[in-house]
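Peer 1: Here you go, one structure.
The values are calculated or read from the model by the stated rules, or taken from the named source; none is laboratory data. Computed from a predicted model, the values in this text were never measured in an experiment. Quick reminder, even Gly has a Cβ in these numbers, built from the backbone with ideal geometry, and neighbours come from all protein chains shown.
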Amino acid sequence: MRWLYLLTIIIPTLLGMFTTLVTLTLIFPPGVILTPPAPAILEIVDLRINRSGRDIIVFITVRNDGDEGLYIQKIYANEIEVVSRSIYLEPRSTEREISFVLPRRIGSEVEIIVFWKSEKSEEIVESRRTVTIPRS
């Protein structure tokens, strides 16, 4: 009697649940359901300053940790535009270095502002970092 119960009810139920689970996993992979795409995020990883004669050169290392690309629109140093070209950063990109020369009379402390926007959005966001220029 137990064997009949096991063969007619328990085993078909377990096989049906397993088949349903496999089918749903193939149609909707668990990673797609559980994790929505991360928005584009510009991270200023490093900010270095070098001197070359009388020029001050700034090296900014940036990274995009989001699941969508982003465009760097402009870069300002103490409210003076120093980079005006559009620079594209791919999703989940490796670090990228951007360099530019500062204007001559910039001061000893520089606030770098990076204006960027997501690939899918028109909203412009800013990232800021302040650095002190070492005396030569």
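Peer 1: Which condition does SER52 not pass, out of (1) among the hydroxyl-bearing types (Ser, Thr, Tyr); (2) more than 30 Å from ALA77 (Cβ to Cβ); (3) at pLDDT below 90, if it passes all the others?
Peer 2: Answer for SER52: the failing condition is (2).
Yes/no matrix, rows are residues, columns are (1) surrounded by 10 or more Cβ atoms within 10 Å (Cβ to Cβ); (2) modelled with pLDDT under 85; (3) more than 23 Å from GLU90 (Cα to Cα); (4) not polar (S, T, N, Q):
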position	(1), (2), (3), (4)
LEU4	no, yes, yes, yes
THR13	yes, no, yes, no
GLY16	yes, no, yes, yes
THR19	yes, no, yes, no
THR23	yes, no, yes, no
GLY31	no, yes, no, yes
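Peer 1: Out of the range 104-126, which residues are part of a loop (DSSP other than H, G, I, E, B), surrounded by fewer than 15 Cβ atoms within 10 Å (Cβ to Cβ) and over 16 Å from the mean Cα position of the chain (by Cα)? Show your work before the answer.
Peer 2: In the first step, residues of the range 104-126 are kept if they are part of a loop (DSSP other than H, G, I, E, B); the result is 104-108, 119-123.
Filter once more, so that each one left must be surrounded by fewer than 15 Cβ atoms within 10 Å (Cβ to Cβ): 104-105, 107-108, 120-123.
Matches in the range 104-126: ARG104, ARG105, GLY107, SER108, GLU122.
Peer 1: Return the residues of the range 96-112 that are modelled with pLDDT under 85 and closer than 11 Å to ASN78 by Cβ; say none if nothing qualifies. Walk me through how you get there before you give the answer.
Peer 2: Restricting attention to the range 96-112, the residues satisfying the condition of being modelled with pLDDT under 85 are 103-108.
Matches in the range 96-112: PRO103, ARG105, ILE106, GLY107, SER108.
Peer 1: Identify all residues within the range 47-78 that are without any contact (Cβ under 8 Å) to a residue 24 or more places away in the chain and not hydroxyl-bearing (Ser, Thr, Tyr); write none if there are none. Can you show your working first?
Peer 2: Taking the range 47-78 and keeping what is without any contact (Cβ under 8 Å) to a residue 24 or more places away in the chain, we get 48, 50, 52-53.
Passing the criteria: ARG48, ASN50, GLY53.
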